[in-house]
Amino acid sequence: MKYFSTPAILSFLVFALIALTNAIPTNSTSSTVNNGIPNGATSNLLTHPRGFGLEYIALDNDQYFQPCFPNHAQPKMCTVSFIEHPSWNSLVQLFIYDNTCKRIGENYHVPRDYLAAKWGWGMSSELPMYLVLEIERGWQPGQNNGVKLNYGNTHFKPFVKSPFAAEWTTNGRLGEYTVFRAAFPCK
């Protein structure tokens, strides 16, 4: 039985970490979408993901959407993300994350008409109450009105006035995809 020295094992681990780091894509380019990012980062709608340990949703043509940014300073903040594509026959994908960006709710087939209904559409998650989303049928990125979030006693339009700083909310287009991410108070 052979024994390995601690320096040899540490060297192997360092080389493995370097190899892993070099394998992660690092060529990211900003999109032209109006998207603020906390702490001065450069883009959150990316051509190639860079963040290690953060979730990215792969779209077509090597494009990725980052549906959440962690905010450890705000334990009562959650995030809802929206993705729509014209070929999905008026269906959208919705995701809910806690403040650490743990995915706590998802729905891959929400009819757009449900979101535009008079009382909105309630999305379930690991939260104790439903998040009710009201999104006008004609809403497009760049329009401030047209999206309303309701959670508990909090009702607001995230692109007009949010309970959190503006950098936690973004909307835009990535190719043919319509996307948004909006923070909401959840506890």
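Take the residues in the range 48-93 that are at pLDDT below 90 and exposed (fewer than 14 other Cβ atoms within 10 Å of the Cβ); name whichever of them is nearest to residue 158 (Cα to Cα).
58
Give the residues of the range 140-149 that are touching a strand residue (DSSP E or B) at 6+ places or on another chain (Cβ under 6 Å) and open to solvent by less than 40 Å² (accessible area, probe 1.4 Å), sorted by residue number.
Kept after step one, since they are touching a strand residue (DSSP E or B) at 6+ places or on another chain (Cβ under 6 Å), are these residues of the range 140-149: 141, 147-149.
Once the filter is applied, which keeps residues that are touching a strand residue (DSSP E or B) at 6+ places or on another chain (Cβ under 6 Å) and open to solvent by less than 40 Å² (accessible area, probe 1.4 Å), the range 140-149 yields 141, 147, 149.
Keeping to the range 64-79, report how many residues are touching a residue at least 12 places away in the same chain (Cβ under 8 Å) and assigned to a loop (DSSP other than H, G, I, E, B).
Number satisfying all stated conditions: 10.
In the range 113-138, what count of residues is obtained for those that are under 25 Å from residue 101 (Cβ atoms) and either surrounded by fewer than 16 Cβ atoms within 10 Å (Cβ to Cβ) or among the hydrophobic types (A, V, I, L, M, F, W, C) (or both)?
Matching residues across the range 113-138 total 13.
Select, from 180, 159, the only residue that is without any contact (Cβ under 8 Å) to a residue 24 or more places away in the chain and of a type outside the set (S, T, N, Q).
159
Mind listing whichever residues of the range 155-172 are over 17 Å from the mean Cα position of the chain (by Cα) and either assigned to a helix (DSSP H, G or I) or of a type outside the set (A, V, I, L, M) (or both)?
Across the range 155-172, the qualifying residues are 155, 156, 157, 161, 163.
Among the candidates 142, 36, single out the residue that is modelled with pLDDT under 95, within 20 Å of residue 161 (Cα to Cα), touching an Asp or Glu at 6+ places or on another chain (Cβ under 7 Å) and not β-branched (Val, Ile, Thr). Talk me through it step by step, then tell me what you get.
Details: 142 fails: touching an Asp or Glu at 6+ places or on another chain (Cβ under 7 Å).
Only one candidate qualifies: 36.
The values are calculated or read from the model by the stated rules, or taken from the named source; none is laboratory data. Only a predicted model underlies this, so the values are computations on that prediction, with no experimental measurement involved. Positions of Cβ are backbone-derived with ideal geometry, glycine not excepted, and every protein chain shown enters the neighbour counts. Please note that ligands, DNA and RNA were not included when accessible areas were found on the heavy atoms of the full protein model with its side chains. Shrake-Rupley method; radii C 1.70, N 1.55, O 1.52, S 1.80 Å.
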